[in-house]
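Please treat every number below as a calculation from the coordinates, not as lab data. What you see is a predicted model, and the numbers here were worked out from it, not measured in a lab. Ideal geometry is used to build each Cβ from the backbone, glycine not excepted, and the neighbour counts take in all protein chains shown.
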Amino acid sequence: MNRTILAVGVGLATALWMVVQPSAQSPAKHGPRLSSFFDFEKADSFEVGLGNIDRFSCFVGALTQPRIYGGNMLVDCDAEVPHNETTIAVNPNDPLHAAGGYHSYQLVQVGSSVHLHVVGTASVTIDGGRTWREVVPPINPYQFTGDPALAFAANGRLYFGNIADHEGQGGGNFTGPSVVVASSDDGGVTWSKPVTVASGQGGINAVGVGPQIFQDKDFIAVDTSVGSPHANRVYASWTSFQSKFAGTTLFRAPIMTAFSDDGVNWSAGREVSGFSPSCSAAFIGAPNECDLNQFSYPTVAPTGKVYLSFENFNTPAENQMMVVSSDDGGAAWSAPSRVDTVFDINFPENVDGRATLTGCQLRVSAAANAAADPSDPTGRTAYVTWADNRNGTAKRTNTDVFLARSTDGGNTGNGLVVDSTTNDQFFPWVAVAPNGRVDVGYMDRSYSAGQNVCQYGFTLARVMFDSTGRARITRQRVDTGLSDPGHSRWFSGTTNGNGRFIGDYNGVASGPDGATWSLWTDQRNLVLNPPSSTQTHGQHAVGALTAAR
């Protein structure tokens, strides 16, 4: 069922994109947190995996996927193991060609030992989602990859970003993760080995030894405008957690970027989170230094202008969303512009001490992303989306989805509420169609029976702005079955089936034909031989394709 509403964006003061109403504040405030994709259950809770992960491939499609996924697309096919943290990209030259990415948890038998790997895995379709081919890219010389991010170039090359590390298998330290990017010139069927963009440093489990650099939460974007002076340039961004000693709470976490014109030779990483009067709470940095950050995301406008959004924690209370930009291909960057206050310190905590939702154990965050408008030839229109708990409390969450819009190159802007339906809407992702339509997809608990159960569906909101800034929002449920992380087979051994991890983001992409591709962590299916009556639901990468209309 579609739901349509009208909204009017409110004009804002200089250097602010959006003004917000106050909210009850939590007495506790955490700084930026590591993504911790390595937080998995003990190996004995998994089934044995499927051989050499460097060469594994399988197929799935509408005719072969389990009937429970009817009307949606099951994208993975390797095994009944966890799949989460999804990303999706569409070939700008071919609306039938898309690639999805996600964590796949692989177990490999090596002699009498079982080695567990978390691997950033890709799945590709060339027929508009009717069939998918899953391919596990090489990860050598690393043992783990995660935080997957996919992006196509205008020349058809496909890039796959991850963080990568060694996690002590066979002895040794759990090393500080590095940022890596692989590439494919055949649409995602075969992949290069990962190229290291930024190296981690030190051992995470070597407490008291340093220095330590934990590169985290990478994402990538490609300049797909043929007329851009930097066409086909790929940009990577990430958070660099830097501390003098492993295990210390004294650290910096600047946002870093690098770029490449071929995916092999990368510029040196540089800090871009900069200084701003809005960064008023110094920790170990200089006054007004924005050095406590997480969740960066780059996007490229038709002129080649690069925008990069991130969440900043240099605040005395609630956190804030920021944007920086580059007009010269990533060589120089603007000072941060403040987008909005983010109300994410008033969440309840799960058993791991991470923010969660009422009735759930899965960890959540504001986790914003940005998208430039390909229909604006000036390159001055960009969007940022996020979800926060300003309308809820630590006792009863009510997270809603928000969208900020700038039409002057990221200096000022206005904002609106995308969805404030009852219960929680979370993990939004934004993309912009060729005609300027804004697509925001997110997990949505409004379809469940309430907060006494931890279940969600997936909503796609489409936003069109007229010449006066008036927005028309149409919302549509695109999943065909509720996910039930409250009865999860995975990450739930200590929580009576209430799953602790579904990833930290979803994926939404707009194709050259205006169709919208959504990909999310789905937990609707029942597993065979569950370990208990409360650990019954699997975890897979599932998507939907919504026509432009």
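Assorted remarks:
- With the gyration tensor restricted to C-alpha atoms of region 2-546, the semi-axes of the equivalent ellipsoid amount to 30, 26, 26 Å, longest first.
- Amide hydrogen proximity for residue 504: with H placed 1.01 Å from N in the peptide plane, the residues at 5 or more positions away or on another chain lying under 5 Å are 85.
- For region 373-426 versus region 488-521, the gap between their alpha-carbon centres in whole angstrom: 20
- Residue-wise HN-Hα coupling along region 324-333, computed from phi with Karplus coefficients 6.51, -1.76, 1.60 (Hz; x: Gly, Pro): 10, 8, 9, 9, 10, x, x, 6, 9, 10
- Residue 281 versus residue 62: modelled label distance in nm, points set 7 Å from Cα along the beta carbon direction: 5.1
- Neighbourhood charge, 13 Å Cβ-Cβ cut-off, centred on residue 280 and excluding it, Lys, Arg +1 and Asp, Glu -1: -2
- Under DSSP loop assignment and at most 16 Cβ neighbours within 10 Å, longest chymotrypsin sites (Phe, Trp or Tyr not before Pro)-free interval of the chain: 284-549
- Taken one residue at a time, the phi angles of region 390-406 give Karplus couplings (6.51, -1.76, 1.60, θ = phi - 60°) of 5, 9, x, 9, 5, 8, 8, 6, 8, 6, 10, 9, 10, 9, 10, 10, 10 Hz. Gly and Pro are set to x.
- Amide H contacts for residue 339 (H built 1.01 Å from N in the peptide plane; partners 5 or more residues away or on another chain; cut-off under 5 Å): 17, 321, 322, 323.
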